[in-house]
Protein chains: 2
Amino acid sequence: MLKTPYLLFLGDAPDQLAAKVAQGVRDWRPEFALGQLRLPGCRADLGIPDLDAEAAWNAGARTLVIGVANRGGVFSPAWKACLIDALVRGYDLAAGLHTLLRDDPDLSAAAAAHGRRLFDVRLPVDTYPIADGVKRSGKRCLAVGTDCSVGKMYTALAMEKVMRARGMKATFRATGQTGILVTGSGVPLDAVVADFMAGAVEWLTPGNDPDHWDLIEGQGSLFHVSYSGVTLALIHGGQPDALILCDEPTRPHMRGLPDYKLPSLEALQDLALSLARIANPSCRVVGVSVNTQALDEAAAKAHLAAVEDRLGLPATDPFRFGAEALVDALDGI
Amino acid sequence: MLKTPYLLFLGDAPDQLAAKVAQGVRDWRPEFALGQLRLPGCRADLGIPDLDAEAAWNAGARTLVIGVANRGGVFSPAWKACLIDALVRGYDLAAGLHTLLRDDPDLSAAAAAHGRRLFDVRLPVDTYPIADGVKRSGKRCLAVGTDCSVGKMYTALAMEKVMRARGMKATFRATGQTGILVTGSGVPLDAVVADFMAGAVEWLTPGNDPDHWDLIEGQGSLFHVSYSGVTLALIHGGQPDALILCDEPTRPHMRGLPDYKLPSLEALQDLALSLARIANPSCRVVGVSVNTQALDEAAAKAHLAAVEDRLGLPATDPFRFGAEALVDALDGI
């Protein structure tokens with residue numbers, strides 16, 4: 001979908017966190033991260049070459065990816081000059097901003113005049129079928145969370161990286177805007193019309209080699225009442241063979257829902273498995289991924305050991321301790 | 001949303017079944033069914049006065065509801081003359097057809113020229129929030145099915161009718177096109193964007209009197225992999241106090257999914273209750289609604305008795321034997 005490699009636009013990012021989309025590309029698809037384009041005042045740095053649009057074009061970049069949020073939802077004059085210059089030079093633009101590129105009249109006009117494409121990856125670009133539930137060849141792994149934003153995307157990307165390093169056939173399948181920008185394609189599932197959610201997931205994870213694994217990016221949580229329907233569409237459209245449970249153990253309540261406590265990993269395991277086995281009776285829960293960033297190393301290791309003991313499953317923090325244990329757990333499925 | 005009462009357009013319906021949307025209005029909102037408009041060759045009859053557009057207008061009708069499917073998805077010249085005449089006279093048009101009214105250039109032009117509205121009830125007309133999961137006042141009952149199209153809408157409408165006859169406060173809340181045309185408002189949930197599904201259900205079933213019941217129209221099934229996400233959004237957005245299990249006991253496989261068997265009522269009860277209690281810990285399953293149309297009366301009664309015995313819950317076919325037992329079961333909630 002997106003032409004690669006990218007020139008990563010950091011604009012005037014006030015800090016490193018503001019450039020987390022660009023950082024995601026740098027971390028997970030370094031081969032796409034040809035260079036960074038920073039404006040005066042930028043306080044983020046990806047540790048890759050600073051290139052202007054001309055130099056990056058000559059080096060092969062074909063899409064300028066906006067890897068930072070626009071402050072206040074507006075495109076500043078400095079941003080806009082830079083983006084229009086890129087369109088004139090031949091780049092497509094891609095962004096996952098709330099403010100759509102296509103809704104800016106200047107960007108739209110420049111893209112039309114020069115025959116470039118504006119990719120607002122929050123919006124679906126494909127037409128999806130109604131799910132048919134037919135069993136597909138190949139294998140699929142889905143990360144499901146006790147809550148939103150507990151590290152499901154990171155878990156799937158970290159597993160993909162380990163699997164590729166081992167020579168296994170593995171493809172991360174993006175279902176959210178960051179994942180789509182990182183990998184260049186996917187389905188922005190939360191923007192798909194209800195009837196087509198599960199079909200979009202089937203479309204995203206088609207039949208494949210028997211030893212190929214799709215690592216499907218999870219969304220929401222079965223226990224998060226705002227988004228649970230999206231999560232179930234992933235489970236039923238993805239018909240996973242393996243589930244990874246994801247948790248952040250220090251969160252006081254469900255994200256954005258102060259009256260809702262997080263479920264236990266056991267409750268998540270039982271509910272996710274009951275639902276997953278409707279689409280794939282042989283589905284198994286194979287491991288646990290814990291985001292331990294709020295714990296010191298000793299506490300993190302103690303927590304992981306306790307989880308392993310309680311659930312009888314391998315548990316790791318893939319960011320801190322690697323995803324190897326989760327990949328090992330796919331053996332024999 | 002829709003102006004009432006209606007003139008029900010049956011067109012050249014080839015048989016009674018083709019007019020089932022109009023029949024739904026006639027059955028469930030007889031006060032909206034002012035008259036029927038039939039073209040030569042029509043073989044459906046609602047048993048209400050045949051009125052032309054002028055007579056119905058003079059009697060108070062303000063929306064012409066297309067209560068029949070258009071053959072081949074096209075508006076024939078005879079239909080179109082009739083629909084444009086209605087627009088000229090002052091009617092809005094409403095339909096739930098695959099072919100949208102708004103996509104027909106002649107109908108669009110006539111509506112614009114005369115200031116009328118075209119309601120394609122397959123498409124959302126409102127903007128919905130993200131669900132916030134906050135507990136609302138009032139009570140809610142949701143029908144959940146072992147499969148799609150097992151009688152969930154009928155069950156909710158039949159319960160509403162009994163409750164109103166008893167002087168209870170009860171409102172059917174439509175979530176599909178037929179329900180919306182029947183009652184004049186609602187949310188076409190399968191056409192809502194994924195992120196807003198549960199929020200649309202919250203919007204549809206707002207806080208109310210403590211003794212008021214919303215009877216929420218169910219959609220899909222937790223066990224139907226094509227649509228289960230929509231069902232879960234209904235359960236989590238609706239935060240029901242009471243669930244009714246709906247079944248059609250003679251179906252060989254899930255609708256449209258030949259490889260999927262229907263679940264048992266016990267499996268549906270367990271799964272639906274586990275999920276519903278995330279949003280409403282005091283939710284209970286109160287009864288079973290069985291579509292027994294494929295069984296003779298003795299077999300139907302034997303089946304219902306067996307279900308009551310197995311599940312320890314009242315079971316009825318609300319179409320055949322009335323919805324009283326299901327309404328009785330709401331007592332004390």
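The values are calculated or read from the model by the stated rules, or taken from the named source; none is laboratory data. Source: prediction; values computed, not measured. In this analysis, Cβ positions are derived from the backbone assuming ideal geometry, glycine residues included, and neighbour counts consider all displayed protein chains. Protein only, heavy atoms only, side chains kept; ligands, DNA and RNA dropped before computing areas. Shrake-Rupley method; radii C 1.70, N 1.55, O 1.52, S 1.80 Å.
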Heavy-atom accessible area of B:K261 with all protein chains present, probe 1.4 Å, nearest 10 Å²?
150 Å²
Inter-label distance, nm, simple model (7 Å from Cα along the C-beta direction), A:D15/A:R164
3.0 nm
Which whole DSSP H helices in chain A pass both tests: a Cα extent of 27 Å or more along the axis and a mean Kyte-Doolittle value no lower than 0.5?
none
With the 8 Å Cα cutoff and a minimum separation of six or more residues, the stretch A:1-73 has a relative contact order in percent of 47 percent
Three-way shape label, the stretch A:207-333, alpha-carbon gyration tensor, a/c 1.5
oblate
Derived scalar couplings ³J(HN,Hα) [the stretch A:289-296; Karplus, 6.51 cos²θ - 1.76 cosθ + 1.60; whole Hz; x for Gly, Pro]:
10, 10, 7, 9, 4, 8, 10, 6
Taking amide H positions as placed in the peptide plane 1.01 Å from N, state which residues far from A:K169 in sequence (5 or more) or on other chains have amide H under 5 Å from it.
A:W213
With the contact rule set at Cα under 8 Å and sequence spacing of 6 or more, what percent relative contact order holds for chain B?
15 percent
Provide the gained length on full extension for the span A:F321 to A:M1, in nm with one decimal, where the gain is 0.36 nm per separating residue minus the Cα-Cα distance.
111.9 nm
Amide H proximity to B:Y260 below 5 Å, modelled H, separation 5+ or other chain, gives B:M254
³J(HN,Hα), Karplus 6.51/-1.76/1.60, whole Hz, each residue of the stretch A:93-98, x for Gly, Pro
10, 9, 7, x, 6, 4
Helix-only mean residue ellipticity at 222 nm, the protein assembly as shown, DSSP H runs n ≥ 4 weighted -39,500 (n - 2.57), per residue, nearest 500. What is it?
-10000 deg cm²/dmol
The long-range amide H neighbours of B:V193, using H built 1.01 Å from N in the peptide plane and a cut-off of under 5 Å, are A:A194
Per-residue mean of C-beta atoms belonging to partner chains within 10 Å, peptide A:230-242
4
Partners for B:K169 among lysines (Cα-Cα distance below 23 Å; same-chain residues under 8 apart left out):
B:K3, B:K135, B:K139, B:K152, B:K161
To the nearest 100 Å², how much accessible surface do chains B and A cover up together, summed over both, with a 1.4 Å probe?
2600 Å²
Carbon and sulfur together cover what percent of the accessible area of the protein assembly as shown at a 1.4 Å probe radius?
52 percent
May I ask you to evaluate 6.51 cos²θ - 1.76 cosθ + 1.60, the Karplus curve with θ = phi - 60°, for each residue of the stretch A:3-9 and list the ³J(HN,Hα) values in order in whole Hz, giving x for glycine and proline?
6, 10, x, 10, 9, 8, 8
Projected label distance in nm at B:A109 and B:S76, using a 7 Å step from Cα toward the beta-carbon:
2.3 nm
The extension gain from B:R122 to B:E54, computed as 0.36 nm times the residue separation minus the Cα-Cα distance, is 21.7 nm
Can you tell me, using C-alpha contacts under 8 Å and at least 6 residues apart, the relative contact order of the stretch A:237-333 as a whole percent?
31 percent
If you restrict to DSSP beta bridges whose two residues both lie in the stretch A:112-271, what percentage is antiparallel, to the nearest 5?
5 percent
So the FRET efficiency between B:T250 and A:D132, C-beta based with R0 = 25 Å and rounded to 0.05, is 0.60
For B:K261, inter-copy label-point distances (7 Å, Cα→Cβ), nm, shortest first, read 3.7
Using only C-alpha atoms and all pairs of different ones, pull out the Kirkwood radius for the protein assembly as shown in Å with one decimal.
27.1 Å
With the label 7 angstrom out along Cα to Cβ, how close does A:P210 come to the same site in each of the other copies, in nm, nearest first?
6.4
